[in-house]
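Taking it in order: structure first as C-alpha cells, then the write-up.
Bear in mind that the values in this text are calculations on the coordinates, not laboratory data. Note that the structure is a prediction, hence the values are computed from the model and not measured. Using ideal geometry, Cβ is built from the backbone for each residue, glycine included, and neighbour counts are taken over all protein chains shown.
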Amino acid sequence: MISIGGPPLDGATLVEVARAPEGASPRMELAPAARARIATSRAVVERAVAGDRAVYGINTGFGRLKDVSIDREQLRALQVNLLRSHAAGVGAAAPRDVVRAMLLLRATSLAAGHSGVRPEVVESLLALLAADVTPVVPLQGSVGASGDLAPLAHLSLVLMGEGEAWLGSQRMPAALALRGAGLVPLTLEAKEGLALINGTQFSTAFAALAAHDALQLWEAATAAAALSTEVLLGSFRPAREDVHRLRPYPGALEAARRLRAYSADSGLVASHSDCGRVQDAYSLRCAPQVLGASLDAIHHVTAQLEIELNAVNDNPLVFAPDEVVSAGHFHAQPVALVADYLKIAVAEIASLSERRIDRLLDDRSSEGLPAALAADPGLESGYMLAQYTAAALVSENKVLAHPASVDSIPTGAGWEDHVSMAPIAARHARAVVEHSARVVAMELLCGARALELRRPLRAGAGSERLYGAIRRLVPAPEGDRPFGAACETLARWVLSTAPARLAEEVLSP
C-alpha cells in the first residue's frame, strides 16, 4: 500500500505507479496525518469564503484579473470556469505514463495540506489511478510558470466529468469513462480548481520519468562501450582505477569500474597486449570521462527532482491558523534547468556511441574487421546504414539539446513576466533519451556482430553475458536484412531494468 502524504514520494514509486500495467495499479490511500493537515488547511479557506476580505484565488479573479471581486454565490462557477478556460492545450496527447505520474504528483502536493482543498479532491485523483482512467492531456500549451496550467486543466476537467479520458485503452468522453469505472463526477468548491492547476506536475512527470530512463540507458551504453572497445582491439589501461583516482569524479570512477568488469579475462584484450599501439581514439579512451560526467549529471538531476516530487507548488499557499500567502512555487525554473542538463548529458552518451559505431563499420579504423561488418562487402552492405540512422538521431538530439530554459515570453498581459519553459525542456529530455536508446541499440547490434567476426576469440566474461542477452532478443542475421525492428527491440531492452541487472551480475565478486 502506497501512503499518499505519508513518507516522501520517491522516483521508484512514481515509476511503479506511472507504468503499472492496465488494471494493475498499486493500491494507494491518503495517509491519516495528511487528511488532518488537509482539513486544517480547508478550514482556513472556509473562513475566508465566509468573510468579507478579498483573498486571491478564493474570491477574486486570476492573474491580471486579480482585483476583480467574485460574489460568494459564484465561487463554484469561478472554479469551473477556470478549468474550462484554461484547458487550451493543443497537439498530440501525452503518454499514459506521464499522465498517471501527473495524477500521483498532484495528489502528493495537495496532500501536504497547504492548498486548502477538501480530502475528496485528493481521493478523486487517486481514484482515477486505481480505476485506470487516464485523462487526455495535450502536449503543448504550457510555459512552465503559474503552473502547468493548460495540461493540468485538461487533467482536472476529467474529475468533473468533462473533457476526454481513456478507460483502460479506450478513449472516450470523460463522463463515460467515469461512469464505466463506477466513479462520480466531483463538484469543485472554492479554490479547488486553482489548486488543481497551479503546479509543475506536467513538467516534473516528463523530467522524472526521463531521468529514470536515462539511468537505464547509461548502464546499457557503458556495457556497449566495453564490448566495442574489446572488438576494436582497444586498451582498457585508460580505465584503471589508479588513473581515475587522480581525477576522482564519482561518475568516471564508476564508469571505469564497469568497463574493467565487463572486459575481465578477455581473450580479445590478451590477443593484442604486445601490439605496440600507443593510444586509442577518444571514443574508446575517454569513455570513462564522458560517460562518467553524464552519470554525475543524471544523479544531480534525480536529486533535484526528488525535491520537486514532494513540493507544494500551489498559489496562494494556505497556512494555519489563518494565513493565505501569494508566492511563486508554481515557477518551474528548477525543473527546467535540470531537464535541460539531463538532455545535454544524455545527448553526449549517444554522441559517443555513434562515434564507436562509425569505427566498427569503417575498415580503415576497425582493426581488421570487414567493411560495414558485412560477410561479403560489396555484394552485401552489412550494417552500413546503422551509422546513418545513428547520425540522424544524434543530429536531432543536438537540436533538441538547445536549452529551453534560457527563453521566456511574458504571459498574462505582462503580469507573468518571466516563465521557465520547463515543459519544453522536459518533453525534449524524454525525446533525447528515446533517440539515444536507439543509438545505443545500434551499437549493441554492431558490437555483437563484430564479436562474431572475431571468433574463436572470446570477450570478457561480462561482455559475453551482454552478447548472450543481445542474441536472445535478436538472432544473428544471415546476409543483409532490415534491422530497424531489431533496433527497436534492443532499444526497449536498453530502457528496461535489464542492463542494470546485468551490471550487478558482472560486478558481483
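Regarding Val394, is this residue β-branched (Val, Ile, Thr) and assigned to a loop (DSSP other than H, G, I, E, B)? Lay out the reasoning, then the answer.
Values: β-branched (Val, Ile, Thr): yes; assigned to a loop (DSSP other than H, G, I, E, B): no.
No; evaluated as a whole, the condition is false for this residue.
Filtering the stretch 14-58 down to residues that are farther than 23 Å from Ala101 by Cα and in contact with a Lys or Arg (Cβ under 6 Å, 6 or more places away or on another chain), which residue is surrounded by the fewest Cβ atoms within 10 Å (Cβ to Cβ)?
Checked the stretch 14-58; the qualifying residue surrounded by the fewest Cβ atoms within 10 Å (Cβ to Cβ) is Tyr56.
Considering each of Ile409, Ile357, Ile424 in turn, give the residue that is out of contact with any Phe, Trp or Tyr (no Cβ under 7 Å at 6 or more places or on another chain) and within 27 Å of Ala264 (Cα to Cα). Lay out the reasoning, then the answer.
Working: Ile409 fails: within 27 Å of Ala264 (Cα to Cα); Ile424 fails: within 27 Å of Ala264 (Cα to Cα).
Residue meeting the stated conditions: Ile357.
Of the residues that sit in the stretch 378-391 and are touching a helix residue (DSSP H, G or I) at 6+ places or on another chain (Cβ under 8 Å) and part of a helix (DSSP H, G or I), which one is surrounded by the most Cβ atoms within 10 Å (Cβ to Cβ)?
Ranking the qualifying residues of the stretch 378-391, first place goes to Ala390.
If you take the residues in the stretch 124-154 that are more than 25 Å from Asp407 (Cβ to Cβ) and in contact with a strand residue (DSSP E or B) (Cβ under 6 Å, 6 or more places away or on another chain), which one is surrounded by the most Cβ atoms within 10 Å (Cβ to Cβ)? I'd like the intermediate steps shown before the answer.
Of the residues in the stretch 124-154, the ones more than 25 Å from Asp407 (Cβ to Cβ) are 124-136.
So of that shortlist, the ones also in contact with a strand residue (DSSP E or B) (Cβ under 6 Å, 6 or more places away or on another chain) come out as 126, 133-136.
On the way: Leu126: 21, Val133: 24, Thr134: 29, Pro135: 25, Val136: 21.
Per the stated criteria, the residue is Thr134.
Name the helices (runs of 4 or more DSSP H) wholly inside the stretch 407-509 in which the number of residues that are farther than 20 Å from Ser283 by Cα, among the hydroxyl-bearing types (Ser, Thr, Tyr) and without any contact (Cβ under 8 Å) to a residue 60 or more places away in the chain is 1 or more.
Result: 484-494.
Between a residue in the stretch 243-265 that is farther than 25 Å from Glu464 by Cβ and without any contact (Cβ under 8 Å) to a residue 12 or more places away in the chain and any residue that is among the small types (Gly, Ala, Ser) and in a helix (DSSP H, G or I), which pairs come within a Cβ distance under 9 Å, given they are 6 or more apart or on different chains?
none
Which one is surrounded by the fewest Cβ atoms within 10 Å (Cβ to Cβ) among residues in the stretch 436-470 that are of a type in the set (D, E, K, R) and closer than 30 Å to Ser395 by Cβ?
So in the stretch 436-470, the residues of a type in the set (D, E, K, R) come out as 438, 443, 449, 452, 454-455, 458, 464-465.
Within this subset, residues satisfying the condition of being closer than 30 Å to Ser395 by Cβ are 438, 443, 449, 452.
Working: Arg438: 21, Glu443: 29, Arg449: 24, Glu452: 14.
Going through the qualifying residues, I end up with Glu452.
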